[in-house]
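Asks: So that we are looking at the same thing, I have put the structure below in structure tokens.
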Amino acid sequence: MLVMVYGVFTVAAASRSIYQLIAQYQEAPLAYILSAVSAAVYAFITVSLVRGGEGARKAAFVCCAAELVGVLTVGTWTLADPSAFPDQTVWSDYGMGYLFIPIFLPVTGLMWLRKAHRD
């Protein structure tokens, strides 16, 4: 299930950011670049989870931690200085535009990876 959600978020974030970078870049470049970065992070985690193995698990763990830091940083930044983001990113307002899944996804991923490591 976790792999599927990361896969869906990879496609959603990538397709949205690609369109925005091509068609609307000048409106909110920082927001669109951050959405593209989130898509890349989601894709890397998806591939790592599918690949399996100790090295992939460690890489996914590091990326999930980085994703959580990104969501918390961008979420706080968008609340503290909304003018910095004329348009939403995937991580804006802690993922409110995506039903807060972006804030729960890395936490769930970290917990799952930690449990999988112990088993």
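Asks: Just by accessible area at a 1.4 angstrom probe, what is the order of Thr73, Thr10 from largest to smallest? Walk me through the intermediate numbers first.
Replies: Numbers: Thr73 75, Thr10 25 Å².
The ordering from most to least exposed comes out as Thr73, Thr10.
Asks: Which residue, Gly75, Gly95, Gly55, tops the fluctuation ranking in a GNM of the chain built on C-alpha contacts under 10 Å?
Replies: Gly55
Asks: What number comes out for accessible area per residue over the stretch 1-117 if the probe is 1.4 Å? Units Å², please.
Replies: Averaged over the residues of the stretch 1-117, the accessible area is 53 Å².
Asks: Shifting gears a bit: Order the following by accessible area, largest value first: Arg57, Arg51, Arg16, Arg118. Probe radius 1.4 Å; ligands, DNA and RNA are ignored.
Replies: Result, largest first: Arg51, Arg118, Arg16, Arg57.
Asks: Further question: So how do Val5, Val50 rank on accessible area, 1.4 Å probe, biggest first, that is with the largest at the start?
Replies: The ordering from most to least exposed comes out as Val50, Val5.
Asks: Using a 1.4 Å probe over the heavy atoms of the protein chains, calculate the carbon and sulfur portion of the accessible area of the chain as a whole percent.
Replies: On the way: 4730 of 6540 Å².
Using a 1.4 Å probe with all protein chains present, the chain comes out at 72 percent carbon and sulfur.
Asks: Another one. Taking the Cβ-Cβ separation of His117 and Ala84 as r and a Förster radius of 30 Å, what is the calculated FRET efficiency to the nearest 0.05?
Replies: 0.20
Asks: Another question, if that's okay. Pairs of Cα atoms under 8 Å, at least six residues apart: use those to get the relative contact order of the chain, whole percent. Don't skip to the end; give the middle numbers.
Replies: Details: 129 pairs, mean separation 30.2, N = 119.
In percent, rounded to a whole number, it is 25.
Asks: Based only on the alpha carbon positions, what is the Kirkwood hydrodynamic radius of the chain, in angstrom? Intermediate results must be reported in sequence, preceding the final value.
Replies: On the way: mean 1/r = 0.0695 Å⁻¹.
Evaluated on the chain, it is 14.4 Å.
Asks: Here's something else I'd like to know. Relative to the Cα centre, what is the charge dipole magnitude of the chain, using +1 at the beta carbon of each Lys and Arg, -1 at the beta carbon of each Asp and Glu, and rounding to the nearest 20 debye? Don't skip to the answer; put the middle values down first.
Replies: Details: 7 positive and 7 negative charges, 115 e Å.
Computed charge dipole of the chain: roughly 560 debye.
Asks: Where is the GNM fluctuation largest for the chain (alpha-carbon springs, 10 angstrom cutoff): Thr108, Thr46, Thr78?
Replies: In the Gaussian network model the winner is Thr108.
Asks: Give me the net charge for the shell around Ser17: Cβ to Cβ below 14 angstrom, other residues only, Lys and Arg +1, Asp and Glu -1.
Replies: Overall, the nearby charge balance is -1.
Asks: Same structure again: Of Ala28, Phe85, Tyr98, which is farthest along the charge dipole of the chain in the positive direction, counting Lys and Arg as +1 and Asp and Glu as -1 at C-beta?
Replies: Tyr98
The values are calculated or read from the model by the stated rules, or taken from the named source; none is laboratory data. Computed from a predicted model, the values in this text were never measured in an experiment. In this analysis, Cβ positions are derived from the backbone assuming ideal geometry, glycine residues included, and neighbour counts consider all displayed protein chains. Remember, those area values only see protein heavy atoms, side chains included, never the ligands or the DNA or RNA. Shrake-Rupley method; radii C 1.70, N 1.55, O 1.52, S 1.80 Å.
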